[in-house]
Amino acid sequence: MINISFPGGAGGNWLLSTINLEPIRDNAINFHYHYKNYNIRIIHELNPNKFHYLFSGKSYFNFYVNVLYKLFHKELDIFNTTSYKTHFLECVNTARFICKFDKIFDNVFFNFEDLVNSPEKFYHKLHEFQTTNKFNQLSYEDFVLRQQKFTSTCVNTSGIYENFDNMIWVCFVLGELMNSDIVPTDFVIFEKQNQQKCIDFAVDQYHNCRLRQVQYFDSNVCLPKLL
């Protein structure tokens, strides 16, 4: 069994469907449906001893908003079916977990930034993987179609990134700060009436955040007001 680890939202299910040469689906929001493949397992694992390949990158905010839109909003509908406290903390904890992948970035085999900005370079890694593990080869032309399909499903971050009036961005900042043990001590973050306090805290502490890389996708996928 080959274990491929990835942070949610980076496209691990897309990668699996690409390796499996599954048909390209029209109007896909995510790529969670697969034909059976008993040779590969995709997981969210931070321990390098528990996976063989890592698919990740430095665009953690992109991963985060993809999870919020594709899984939490479209698939699970948590923003309408759970309490404010529940889905607020889910957003913060998701950001916190995704940002932890930066600690193992040196293990990256499939680089998300290559997928977006240097498709040919990513394709060569895919070809290497398929050759090493004796999978059928994917043509570059087919890969480009699949790469374009994936990027068309990624959330457009314009108007969200570094917008402290948007609580989705504020939750991301809070999650990253928590990994540095920087947390508010004079109020609870999950009470809706404390949104302005969360904003003020995030603004005041943002200088402690270093995971600032972002990709701007010219897609039609936009996050509605969720919080």
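Values in this text are rule-based calculations from the coordinates and carry no lab data. Since we're looking at a predicted model, the values are computed, not measured. For neighbour counting, all protein chains shown are included, and Cβ atoms are generated from backbone atoms with ideal geometry for every residue, glycine included.
Here are some notes:
- Distance violations [Cα-Cα > 21 Å] among 197/225; 74/103; 58/121; 58/103: 74/103
- Here the extension length gained between residue 200 and residue 180 equals 5.4 nm, from 0.36 nm per residue of separation less the Cα-Cα distance.
- Extending 7 Å from Cα along the Cβ direction at residue 39 and again at residue 93 yields two label points whose distance is 3.6 nm.
- Sum of side-chain charges, residue 211 neighbourhood, beta-carbon under 14 Å (Lys, Arg +1; Asp, Glu -1): +2
- Three-way shape call for segment 170-227 based on the alpha-carbon gyration tensor, with the a/c threshold at 1.5: oblate
- The packing ranking of peptides 149-158, 80-89, highest mean first, is 149-158, 80-89, where packing means the average number of other beta carbon atoms within 10 angstrom of each residue.
- Ellipticity at 222 nm from helices only: DSSP H runs of n ≥ 4 in the chain, each -39500 (n - 2.57), divided by the residue count, give -12000 deg cm²/dmol.
- Counting every other Cβ atom within 10 Å of each residue's Cβ, 1, 178 order from fewest to most as 1, 178.
- Between helix 84-100 and the chain: long-axis angle, C-alpha atoms, 0 to 90°, nearest 10: 50
- Residue among 221, 72, 202 farthest towards the positive dipole end of the chain, charges placed on Cβ: 72
- Listed by chain and number, the lysines placed with their C-alpha closer than 16 angstrom to that of residue 149 are 70; residues fewer than eight positions away on the same chain are left out.
- For segment 180-218, the residues whose amide N sits under 15 Å from a probe point set 7 Å from the Cα of residue 165 along the beta carbon direction are 196, 199-200.
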